[in-house]
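S.K.: Below you'll find the structure I mean.
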Amino acid sequence: MENVFNNYYDASEKRSNKPVPTGWFAAHISKMTLKRDVVIKNKWMANIYNFYIEISDEAKHREYDIEQEDGTVQVGSGSEFVGRTVRSNGIFNFIAKGDYPVNSGGNDKYLEFCEVIGVECPDMELEVNGEKRTVKVLPEIDESDVLGKAVNVFIDTGKPYTNNDGIEVTPRIVRTFSEWANGETKDIEAPLPF
């Protein structure tokens, strides 16, 4: 057998398969998906945004309760989770369209997200049922508004499901976004549309 050096194993580069622990992580938004005009409970219509985040190097400097392979929990650095991608829960932007009225009270999470990433939501006076109100105008965001943005995210367990192999899986999801005060935007290119 000829000894050709074109493949090798380096134990220091082995990635952990441990689930990302519950807690706050500094991260960057790496991808956005959008489902438009989704009818909700036959009453409203919404655009649903899902964001994918990549855990940043900052996790190396924080400690987490990390579940071990034997089921025990140990406190450790988040370094083994740097670079991992986690998807968010959907963020709904309720819209008025066709016969569907806006569910403006349901747009609180969308407003919070816009504020976290620095998208301006100006005040506007509006008359509703004869009453003047000051409301926030919610812009439609796209990938160029979010890609690479530095955010703090709270990662938790999602809803369990059964995968294609018949195994029950409990995914990790981003539940909440907050501002990462000193975080810098990372240069991330938008994925190609094909």
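S.K.: Convert each backbone phi in the stretch 83-93 into a coupling constant with the Karplus relation 6.51 cos²θ - 1.76 cosθ + 1.60 (shift: θ = phi - 60°), then list the ³J(HN,Hα) values in order as whole Hz, x for Gly and Pro.
M.R.: Values per residue, Gly and Pro as x: x, 5, 9, 10, 8, 8, 5, x, 10, 8, 10 Hz.
S.K.: Which one, (1) 8, 27, 29, 21, 10, 4, 1, 0, 0; (2) 9, 35, 37, 15, 3, 1, 0; (3) 9, 33, 31, 18, 8, 1, 0, gives P(r) over Cα pairs in 10 Å bins from 0, in percent as derived from the coordinates shown?
M.R.: (1)
S.K.: May I ask for the Rg/Rh ratio of the stretch 97-153, computed from Cα atoms with Rh as the Kirkwood radius, given to two decimals? Don't skip to the end; give the middle numbers.
M.R.: Details: Rg = 13.8 Å, Rh = 13.3 Å.
Checking Rg against Rh, the ratio lands at 1.04.
S.K.: Sticking with this one: Per residue of the stretch 166-174, what does 6.51 cos²θ - 1.76 cosθ + 1.60 with θ = phi - 60° give for ³J(HN,Hα)? Whole Hz please, x for Gly and Pro, Karplus curve as stated.
M.R.: For the stretch 166-174, the Karplus curve yields x, 9, 6, 10, 10, x, 9, 9, 7 Hz.
S.K.: Moving to a separate point now. Based on the mean of other beta carbon atoms within 10 Å per residue, what is the order of 100-112, 22-34, most packed first?
M.R.: So the order, starting with the most tightly packed, is 22-34, 100-112.
S.K.: Taking only DSSP H segments of four or more residues, each worth -39500 (n - 2.57), what value at 222 nm results for the chain once the sum is divided by all its residues, to the nearest 500 deg cm²/dmol?
M.R.: Result for the chain: -1500 deg cm²/dmol, rounded to the nearest 500.
S.K.: Here's something else I'd like to know. Counting only protein heavy atoms and using a 1.4 Å probe, what share of the accessible area of the chain belongs to carbon plus sulfur, as a whole percent?
M.R.: Solvent-exposed carbon and sulfur of the chain make up 46 percent of the total.
S.K.: Counting only heavy atoms of the protein chains, get the accessible area per residue of the stretch 1-160 (1.4 Å probe) and round it to a whole Å² value.
M.R.: Roughly 63 Å² per residue, with all protein chains present.
S.K.: What list of ³J(HN,Hα) couplings, whole Hz, do you get for the stretch 132-146 from phi and the Karplus terms 6.51, -1.76, 1.60, once you set θ to phi - 60° and write x for glycine and proline?
M.R.: 7, 9, 9, 10, 9, 8, 9, x, 8, 9, 10, 4, 5, 7, 10
S.K.: With an 8 Å Cα cut-off and a minimum separation of 6 or more residues, compute the relative contact order for the chain in percent.
M.R.: Here the relative contact order equals 22 percent.
S.K.: So how do 167-180, 66-79 stack up, highest first, on mean other-Cβ count within 10 Å?
M.R.: Details: 167-180: 15.3, 66-79: 11.9.
Going by the mean number of other Cβ atoms within 10 Å, highest first, we get 167-180, 66-79.
S.K.: Peptides 40-49, 147-156, 89-98: what's the order by average Cβ count within 10 Å, highest mean first?
M.R.: Ranked from most to least packed, the peptides come out as 147-156, 89-98, 40-49.
The values are calculated or read from the model by the stated rules, or taken from the named source; none is laboratory data. Bear in mind that the values here come from a model prediction, so they are computed numbers and not experimental data. Neighbour counts are summed over all protein chains in view; Cβ atoms, including those assigned to glycine, are modelled from backbone coordinates with ideal geometry. Heavy atoms of the whole protein, side chains included, go into the accessibility calculation; ligands, DNA and RNA do not. Shrake-Rupley method; radii C 1.70, N 1.55, O 1.52, S 1.80 Å.
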